[in-house]
1. At a threshold of 8 angstrom on Cα-Cα distance, excluding pairs fewer than six apart, so keeping six or more, what relative contact order does the chain reach in percent?
2. What do you get for the angle between helix 145-159 and the principal long axis of the chain? Use alpha-carbon atoms, 0 to 90 degrees, nearest ten.
3. Pairing the Cα long axis of helix 99-114 with the longest principal axis of the chain, what angle in degrees results, from 0 to 90 and rounded to the nearest 10?
4. One quarter of the convex hull surface, Cα atoms only: what value does that give for the chain in nm²?
5. Could you calculate the contour length gain from residue 148 to residue 201, that is, 0.36 nm times the residue separation minus the distance between their Cα atoms, to one decimal place in nm?
6. Would you calculate a helix-derived [θ] at 222 nm for the chain, using -39,500 (n - 2.57) for each DSSP H run of n ≥ 4 and dividing by the full residue count, to the nearest 500?
7. I'd like the distance separating the alpha-carbon centroids of region 68-109 and region 144-214, in whole Å.
8. Using r as the Cβ-Cβ distance of residue 161 and residue 49, and R0 as 30 Å, what FRET efficiency do you calculate, to the nearest 0.05?
Ligand SMILES: CC(C)(COP(=O)(O)OP(=O)(O)OC[C@H]1O[C@@H](n2cnc3c(N)ncnc32)[C@H](O)[C@@H]1OP(=O)(O)O)[C@@H](O)C(=O)NCCC(=O)NCCS
């Protein structure tokens, strides 16, 4: 299987795939057009702070996907710490392509808090301290690469003698959830609405926690 460790030269490809697959495997530009801030939020920690936990899927010499792993979920910075500098430097609150999301998210956070229905701030549970994100370009899907990446990562988590791994995915991502169930993950707890995120039809999206005790 063409699975290999990450090297720094992969960084631009990882960031590009992160943005091109960021909404349930579809481009996220509809919701967030600024690749630099999106990639910093969702792949920056893994490429820059924990590259040994990043696995690359390659086909014909091209990077076609990745698994971003983390062995200790307490380590990545809180999302607001990554977002803050971008709000100032890249003007996310007024920038076309991000401003709509930002203000909608602020409204959602206030409404969800009033209904006590926001997603947990972070998943820090000693039963599953590791976590992962995985994305493949469309042409690379359905050929066993995702399964190979997850199995390689779970071997790494077992070798570190950790008790489990978790992930968060959109509850609307039925194919993604079916894949993770095939990999041995189970849903844990109810889905929660995600601030700012919307389906193409304008409905709210929800986040689902999935866990894999080892
Ligand atoms: C989800 C994803 C990583 C799966 O990778 P993949 O290479 O397409 O999956 P594989 O071909 O390795 O499938 C592995 C197993 O999952 C099963 N599976 C995959 N998709 C499935 C589906 N929609 N329904 C049921 N089972 C499914 C396969 O049957 C296979 O089972 P097997 O090992 O018993 O044969 C990939 O399709 C992807 O990147 N999708 C878009 C982004 C995304 O949804 N990411 C995850 C959520 S954040």
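Quick note: the coordinates plus some simple rules give every number you see, no bench work behind them. These figures come from a predicted structure and were not determined experimentally. All Cβ positions, even for glycine, are placed from backbone atoms using ideal geometry, and neighbour counts span all protein chains on display.
1. Numbers: 338 pairs, mean separation 47.3, N = 214.
Value for the chain: 22 percent.
2. Tilt of helix 145-159: around 80 degrees.
3. 90
4. Numbers: hull surface 46.4 nm².
Result: a mean projected hull area of 11.6 nm².
5. Numbers: separation 53, 0.36 × 53 = 19.08 nm, distance 3.36 nm.
Answer, rounded to one decimal: 15.7 nm.
6. Working: 7 runs with 75 residues, N = 214.
My calculation for the chain gives -10500 deg cm²/dmol from helical runs alone.
7. With region 68-109 and region 144-214 each reduced to a Cα centre, they are spaced 21 Å.
8. Values: r = 22 Å, r/R0 = 0.72.
Approximately 0.90, to the nearest 0.05.
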